[in-house]
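Engineer: I'd like to ask some things about the structure below.
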Amino acid sequence: MNKAEITRWLKQRAWQLGFSQAATTPAVRPPGFDHLREWVESGYAGQMDYIGDRLDAYADPGRVLEGARSVLMLTLDYQTITSAKPQAGEGRVSRYAWSDADYHDGIHRRLKSLVKQITEQMPAANARGVVDSAPLMEREFAQLAGLGWIGKHTLLMNRWQGSYFFLAALLIDIELDYDTVPAVDHCGTCTACLDACPTAAFPQPGVLDATRCVSYLTIELDAPIPRELRAGIGDWLFGCDVCQDVCPWNQRAPVSITGEFNPRVNQNPIDLVELFDLDDEAFRQRFRRTPLWRAKRRGLLRNAAIVLGNKRAERALPALVKGLNDSESFVRGACAWALGKYNARDTLRERLAIEPNPTVCEEIEHSLSREIES
């Protein structure tokens with residue numbers, strides 16, 4: 001096969017595996033690398049040290065696959081049903097995490113199959129499929145391949161697909177027939193995503209301060225959520241879809257045809273009170289193979305407490321009291337903050353008398369010092 005035939009063959013196999021879009025680009029230094037370096041140096045990556053620790057690798061796809069000459073960029077749609085409005089004591093989960101499936105597993109399975117087919121068809125070729133974990137600027141390569149433009153909210157946008165899709169990449173050490181349709185920015189003067197961000201996480205269009213982003217705060221941050229940002233968490237337990245939900249281009253985003261991202265009955269939304277009954281083993285049993293596992297038990301209970309403080313529900317009071325006595329200081333501190341919203345002053349004083357962690361003590365004292373809320 002010549003390079004045009006190989007490219008058509010690769011795309012056909014990708015579509016057969018369920019990928020919704022496939023496009024090719026040379027494995028070159030990504031044009032957004034200098035922007036990435038500036039972003040890291042500005043401190044916007046927060047605790048995501050894995051980006052800065054291997055920053056130079058992002059400049060060269062050959063660091064991901066030796067001898068890489070081409071990149072096949074792929075998308076997989078994940079939109080399913082409409083997001084349900086949480087009732088008292090419930091929290092929102094980002095739509096990509098509604099199902100029993102962790103998208104990494106599903107995409108890796110497809111990529112392994114694609115690599116296997118390449119090896120069988122072209123034994124001399126070397127290929128590697130990646131999603132998220134490798135130092136590859138997938139978004140920039142997708143833009144180079146013509147799959148869309150990078151929106152003001154920093155996500156890849158496509159006129160027909162919106163942004164409710166995952167990105168994956170296949171690197172290969174042979175030259176392909178490259179897609180040359182230039183990506184055109186169709187955001188125009190719209191600033192809906194920037195205006196709607198509940199924590200003002202965009203210092204300027206196209207730049208995300210992850211340390212203020214609700215998704216980062218509820219998933220990546222392994223520390224107490226800064227007090228000044230807690231109100232902005234709103235009712236988001238895990239992740240955030242606000243900037244995507246308000247985007248006009250997502251009004252035409254397609255529904256996933258795979259079925260694997262259909263939501264669990266109890267995850268859109270999720271009951272927060274019952275989470276406080278989960279010990280480590282119960283948490284493992286419920287969330288081990290889902291995206292929510294990344295937040296760990298302490299992170300998810302911390303988030304649940306913040307949401308219950310933002311959106312008070314009387315039935316949540318016993319759960320927060322239980323959380324105030326949890327073994328994890330993150331959980332105790334968040335529950336102390338939330339219980340201040342419930343005016344549970346006697347309970348807070350009792351805990352303060354025995355609390356060994358200075359940070360939690362400060363949270364309790366802060367709650368006790370606040371005026372009683374109506």
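Engineer: If you roll a 1.4 angstrom probe over the protein chains with everything in place, what fraction of the accessible area of the chain belongs to carbon and sulfur, to the nearest %?
Structural biologist: Percent of accessible area from carbon and sulfur atoms in the chain: 49.
Engineer: Check the chain for me: any Cys whose beta-carbon has no other cysteine beta-carbon within less than 4.7 Å?
Structural biologist: Result for the chain is Cys187, Cys190, Cys197, Cys213, Cys240, Cys247, Cys335, Cys361, no neighbouring Cys Cβ within the cutoff.
Engineer: In the range 93-184, what trypsin sites (Lys or Arg not before Pro) fall in a loop by DSSP, with at most 14 other Cβ atoms inside 10 Å? Write out the running numbers ahead of the final one.
Structural biologist: On the way: sites: Arg95, Arg109, Arg110, Lys112, Lys116, Arg128, Arg139, Lys152, Arg159; in loops: Lys152, Arg159.
Answer by residue number: Arg159.
Engineer: Turning to a different aspect of this structure: Over the chain, with a single point scatterer placed on each C-alpha, what log10 of the ratio I(q)/I(0) does the Debye formula yield at q = 0.06 1/Å?
Structural biologist: Normalising to I(0) and taking log10 leaves -0.26.
Engineer: Still on this structure: What order do you get for 321-332, 230-241 when each peptide is scored by the mean count of other beta carbon atoms within 10 Å, highest first?
Structural biologist: Working: 321-332: 19.8, 230-241: 21.7.
The packing order, highest mean first, is 230-241, 321-332.
Engineer: Can you list which of the chymotrypsin sites (Phe, Trp or Tyr not before Pro) found in the range 144-216 are DSSP loop residues with at most 16 other C-beta atoms within 10 Å? Spell out each step's value before the answer.
Structural biologist: Numbers: sites: Trp149, Trp160, Tyr164, Phe165, Phe166, Tyr178, Tyr216; in loops: Trp160, Tyr164, Tyr178.
Listed in order of number, the matching sites are Trp160, Tyr178.
Engineer: Mean residue ellipticity at 222 nm from the helices of the chain, using -39,500 (n - 2.57) per DSSP H segment of n ≥ 4 over the full residue count, to the nearest 500 deg cm²/dmol? Each step should come with its number before you reach the end.
Structural biologist: Working: 14 runs with 131 residues, N = 374.
Rounded to the nearest 500, it is -10000 deg cm²/dmol.
Engineer: Along the Cα-to-Cβ line of Thr180, 7 Å from the Cα, sits a label point; which residues in the range 128-153 have backbone N less than 15 Å from it?
Structural biologist: 145-146
Engineer: Give me the 1.4 Å probe accessible area per residue for the range 36-174, excluding ligands and nucleic acids, in Å².
Structural biologist: Working: 5690 Å² over 139 residues.
Accessible area per residue: 41 Å².
Engineer: For the range 180-297, what is the convex hull (Cα atoms) projected area averaged across all directions, in square nanometres?
Structural biologist: Values: hull surface 41.0 nm².
The directionally averaged projection comes out at 10.2 nm².
Engineer: Let me ask something else about it. Obtain the nm distance between the two label points defined at Arg159 and His104 by a simple spin-label model: each point lies 7 Å from its Cα along the Cα-to-C-beta direction.
Structural biologist: 3.6 nm
Engineer: Using alpha carbons only, how many angstrom separate the centre of the range 131-169 from the centre of the range 229-282?
Structural biologist: Using only Cα atoms to place each centre, the spacing works out to 21 Å.
Engineer: How much accessible area does Lys311 have with a 1.4 Å probe, in Å² rounded to the nearest 10?
Structural biologist: Accessible area of Lys311: about 110 Å².
Engineer: What accessible area per residue comes out for the range 216-348, rounded to a whole number of Å², with a 1.4 Å probe? It would help to have the intermediate numbers written out before the result.
Structural biologist: Working: 5360 Å² over 133 residues.
The answer is 40 Å² per residue.
The values are calculated or read from the model by the stated rules, or taken from the named source; none is laboratory data. Model, not experiment: these values are computed from the prediction. Ideal geometry is used to build each Cβ from the backbone, glycine not excepted, and the neighbour counts take in all protein chains shown. Note: areas computed on protein heavy atoms with side chains; ligands, DNA, RNA excluded. Shrake-Rupley method; radii C 1.70, N 1.55, O 1.52, S 1.80 Å.
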